[in-house]
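The values are calculated or read from the model by the stated rules, or taken from the named source; none is laboratory data. Just so we're clear, the structure is a prediction, and the values are computed from it rather than from any experiment. As a convention, Cβ positions derive from the backbone with ideal geometry for all residues, glycine included, and neighbour counts pool all protein chains shown.
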Amino acid sequence: MATYSTWNSTIKLFCNTKCHNDANGGLRNTKNYNFNTNYSDWIFTYNNGLKGAFNIFFGALYGYVNENTKGILAFSTIENNGAILVALSLYMISKQLNITSIEHISLITVIL
């Protein structure tokens, strides 16, 4: 299992290469990040993402195998709810890492 310092250095290496728009509309490098070190938020986020991926996989699998129309609709609903959970987890991760482009895309996915 990776330690906090390993993850923090990996995240800083990734985030140091990204740019944001400043007030004048130009691009600037942002090198100062305030990382959320509350591990319960990270555990909650990854836990929901794994649950959503599990629901996507098995909802699609059982929906494909099922011969009953009501069962297919039920498993399709389970699969779609799993996709919403994964998009919500992706939003939470990108929010914690200040990756605004992924944050906006995943929030729109959750809303739609």
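State whether the residues of segment 4-16 include one that is exposed (fewer than 14 other Cβ atoms within 10 Å of the Cβ), in a loop (DSSP other than H, G, I, E, B) and either touching a Cys at 6+ places or on another chain (Cβ under 9 Å) or at pLDDT below 90 (or both).
yes
Check Ser76 against each of (1) touching a residue at least 40 places away in the same chain (Cβ under 8 Å); (2) over 24 Å from Trp42 (Cα atoms) and name the one condition it does not meet.
Only one criterion in (1) touching a residue at least 40 places away in the same chain (Cβ under 8 Å); (2) over 24 Å from Trp42 (Cα atoms) is unmet by Ser76, namely (1).
Filtering segment 89-104 down to residues that are within 10 Å of the chain's Cα centre (by Cα) and free of Cβ contacts under 8 Å to residues at least 40 places away in the same chain, which residue is nearest to Asn47 (Cα to Cα)?
Taking the candidates together, the pick is Tyr91.
Within segment 44-88, track down each residue that is within 15 Å of the chain's Cα centre (by Cα) and of a type in the set (Val, Ile, Thr).
Thr45, Ile56, Ile84, Val86
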